[in-house]
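The values are calculated or read from the model by the stated rules, or taken from the named source; none is laboratory data. Owing to the predicted nature of the structure, the values given are computational and were not obtained by experimental measurement. Heads up, the Cβs are rebuilt from the backbone with ideal geometry, glycines too, and the neighbour counts pull from every protein chain shown.
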Amino acid sequence: MNFKVALIALGLSTAMVGMVQAADNTVSKKITLTAQINDALFVSKPDGSTWYGTEELVANDHTQTSFSKTLPVRVWSTADDFNVTLAQPLKMSSGAYEMVNAAVTVDTKALNFGSALTIDQNVAGVGGYDQVHELAITVDAPTKVGAVSTNGSYSGDLVMLFEPTPAP
């Protein structure tokens, strides 16, 4: 009799373990966090603590043939200048069309893909230079081809690389 009870108990415990494993529907989530400390250069919005997320370009007039946006960018640096490079060409696409004639300037100086642009810092700050620069983005709307409308939402990424200038 004890053998039967032990066998039944063993069977029930095996079933319970199986149910516990089946009920374990955990979901693993991962968030990658980064932080960077750089004692030579810091780039932010004018508030000094954040960076831009998604920004909307605005039509320059009712014809909606050109769009633009100007963003203030605060740069703190230990040197009196820094380099900025357009790390990839600016492309804004709707899937059917792509905006054309994309241009990016910093303080009216053209920023070209792959070429470093040296920007002067002339406002003294605590421990270095602290200045707000104007980042301007302009694009032209695509030209309609056939019956495919140019209407829609266009998006793309503006990727820039800010670097301290090399020491002489």
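Scanning the range 126-168 for residues that are more than 22 Å from GLN88 (Cβ to Cβ), surrounded by 14 or more Cβ atoms within 10 Å (Cβ to Cβ) and among the small types (Gly, Ala, Ser) turns up just one, GLY128. Among the residues of the range 145-168, those that are part of a loop (DSSP other than H, G, I, E, B), touching a Phe, Trp or Tyr at 6+ places or on another chain (Cβ under 8 Å) and either farther than 18 Å from THR85 by Cα or among the hydrophobic types (A, V, I, L, M, F, W, C) (or both) comprise THR150, GLY152, TYR154.
Does the range 94-137 hold any residues that are assigned to a loop (DSSP other than H, G, I, E, B) and among the β-branched types (Val, Ile, Thr), and which are they?
Start the filter on the range 94-137 by keeping residues that are assigned to a loop (DSSP other than H, G, I, E, B), which leaves 94-97, 99, 107-108, 111-112, 114-116, 121-123, 126-127.
Passing the criteria: THR108, VAL123, VAL126.
Say whether the condition of being in contact (Cβ under 8 Å) with a residue 60 or more places away in the chain and crowded, with 16+ Cβ neighbours inside 10 Å is met by at least one residue in the range 43-56. Among the residues of the range 43-56, at least one is in contact (Cβ under 8 Å) with a residue 60 or more places away in the chain and crowded, with 16+ Cβ neighbours inside 10 Å, which makes the answer yes.
Would you point out which residue out of THR118, THR105 is modelled with pLDDT of 95 or more and surrounded by 14 or more Cβ atoms within 10 Å (Cβ to Cβ)? Write out each step before concluding.
Numbers: THR118 fails: surrounded by 14 or more Cβ atoms within 10 Å (Cβ to Cβ).
Checking each option against the conditions leaves just THR105.
When the range 77-93 is examined, which residues are found to be buried (at least 16 other Cβ atoms within 10 Å of the Cβ) and under 20 Å from the mean Cα position of the chain (by Cα)? Within the range 77-93, ASN83, VAL84, THR85, LEU86, LEU90, MET92 meet the criteria.
Restricting attention to the range 33-67, which residues are aromatic (Phe, Trp, Tyr) and closer than 29 Å to GLY152 by Cβ?
First, pick out the residues of the range 33-67 that are aromatic (Phe, Trp, Tyr): 42, 51-52, 67.
Selection gives TRP51, TYR52, PHE67.
Quick one: is THR70 closer than 25 Å to GLY156 by Cβ and either outside any strand (DSSP E or B) or in contact (Cβ under 8 Å) with a residue 24 or more places away in the chain (or both)? Here the answer is yes, as THR70 does meet what is asked.
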